[in-house]
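**Student:** Okay, here's the structure, questions in a sec.
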Amino acid sequence: MPSALRISRRRGHRGFVLLTVLWMGLGLLLAVSSYLVTQRQDALSTRAEVETSRAVELARSAVNVALADLGRIGEDEPRSLRDGTPVSLTMAEGSATYQIWDEGGKLDINQAPVELLGPTLQRLGEDSGIDAFDAVTIAQAIVAQRSDPQAAGRLRPLPQLLTELGLPQDVSLRARQALTTYNGSAQVNPLTAPAALLAAIPGIGPSDVTTIIDRRRDGLSLPRLGTASVWLGGTEGPVYTIAAEGVLTSGVRATIVATVAKRGISFRGGKMRYDILGMEILR
């Protein structure tokens, strides 16, 4: 009996050791699996960062091409339109697109009256439910702020101001294509004004907008616009906005928005040079 008891105890001990080894192996397996998952996530995160950085560099290259485009001053040199018309580029790692907006073709919120600000804000926000009453209310708030010396600094950045005054964030960001603080005039340049802004100017109908865009694209003189001409005038520049997007072949994309101002003509190159006033990288 004692011998049988010892044998039973040995078997029980071996069973306990085997169970312990199995639990330790399972724990080790789980630890290794967790480590591998973490390493994979880190690798994917690092790859995403690298891909995004490459997309940013593509967009940065497009900004440089846009600056070269802006620098062309010869009449026989090809120049893109300054009204936000996109220009596509094919690059080794993917593609890029840049757009140039003349700030003189936008409505300056520091100068424009409510009669012009209201319809413009309504046009920009109509897809988001902004009606005429809301638009006029926001326009009046803008005019009130710019006449207050203590609040004048709040007029920049533009999207933040518009969001604070009640416009949805997506509308506030999109509004940069039609509104500015760099024009310096209550009038807009009809040769570079975006379609959304032209459509909001009193006295200009949908057919007039189409005619203006078609004629300026073809290098023709603009039609007579009657009473709307009081809102139109000025010249191009000296400040421009460049929006450049880089897209890798993998589909990763990044956007850079830069505001630039004329600095003067390069003596050797005979090109216009620009200073960068501000830049945003949107990933």
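The values are calculated or read from the model by the stated rules, or taken from the named source; none is laboratory data. The structure displayed is predicted, hence computed values, not measured ones. Cβ sites come from the backbone with ideal geometry, for glycine too, and all protein chains shown count toward neighbours. The protein model used for the area step is the full one, side chains on, heavy atoms only, and it has no ligands, DNA or RNA in it. Shrake-Rupley method; radii C 1.70, N 1.55, O 1.52, S 1.80 Å.
**Student:** Sorting check: for 194-201, 96-103, which peptide has the highest mean count of neighbouring beta carbons within 10 Å, and how do the rest follow?
**Tutor:** Numbers: 194-201: 21.4, 96-103: 24.0.
Going from most to least packed, we get 96-103, 194-201.
**Student:** Let me ask something else. Under 20 °C and 1.002 mPa s, how fast does the stretch 141-283 diffuse according to Stokes-Einstein, given a Kirkwood radius computed over C-alpha pairs? Answer in µm²/s, whole number. Spell out each step's value before the answer.
**Tutor:** Numbers: Rh = 17.8 Å.
The calculation lands on 120 µm²/s.
**Student:** From the backbone phi of the stretch 206-215, what are the Karplus-calculated ³J(HN,Hα) couplings (6.51 cos²θ - 1.76 cosθ + 1.60, θ = phi - 60°) in whole Hz, Gly and Pro given as x?
**Tutor:** x, 5, 5, 4, 4, 5, 4, 5, 5, 5
**Student:** What net charge do the residues around Leu222 carry, taking every other residue with its C-beta under 10 Å from that of Leu222, with Lys and Arg at +1 and Asp and Glu at -1? Could the numbers behind the result be given before it?
**Tutor:** Working: positive: Arg215, Arg216, Arg224; negative: Asp208.
Every neighbour counted, the sum reads +2.
**Student:** Okay, next question. Using a 7 Å offset from the Cα along the Cα-to-Cβ direction at both Thr90 and Arg273, what is the distance between the two label points in nm, to one decimal?
**Tutor:** 3.5 nm
**Student:** Once the other residues with Cβ under 12 Å from the Cβ of Asn189 are scored (Lys, Arg +1; Asp, Glu -1), what is the net sum? Could you put the intermediate results ahead of the total?
**Tutor:** On the way: positive: Arg82, Lys106, Arg216; negative: Asp83, Asp102, Glu103, Asp108, Glu236.
Summing Lys/Arg as +1 and Asp/Glu as -1 gives -2.
**Student:** From the square roots a ≥ b ≥ c of the eigenvalues of the alpha-carbon gyration tensor of the stretch 196-273, which class results: rounded (a/c under 1.5), prolate (a/b over b/c), or oblate? Kindly include the intermediate steps, with their values, before the conclusion.
**Tutor:** Numbers: a/c = 2.45, a/b = 1.43, b/c = 1.71.
It is oblate, given that a/c is not under 1.5 and a/b is not larger than b/c.
**Student:** Hey, if we sort Tyr274, Tyr182, Tyr240 by accessible area with the 1.4 Å probe, largest down, what's the order? Kindly include the intermediate steps, with their values, before the conclusion.
**Tutor:** Working: Tyr274 35, Tyr182 85, Tyr240 5 Å².
Sorted descending by solvent-accessible area, the residues read Tyr182, Tyr274, Tyr240.
**Student:** Amide H of Lys106: which non-local residues (sequence gap of 5 or more, or other chain) have their own amide H closer than 5 Å, using H built in the peptide plane?
**Tutor:** Asn189
**Student:** For Phe133 and Leu36, compute 0.36 nm times the residue count separating them, minus their Cα-Cα distance, and round to one decimal in nm.
**Tutor:** Fully extending the segment from Phe133 to Leu36 adds 29.1 nm.
**Student:** Within the stretch 180-264, which trypsin sites (Lys or Arg not before Pro) sit in a loop by DSSP and count at most 10 neighbouring Cβ atoms inside 10 Å?
**Tutor:** Arg224
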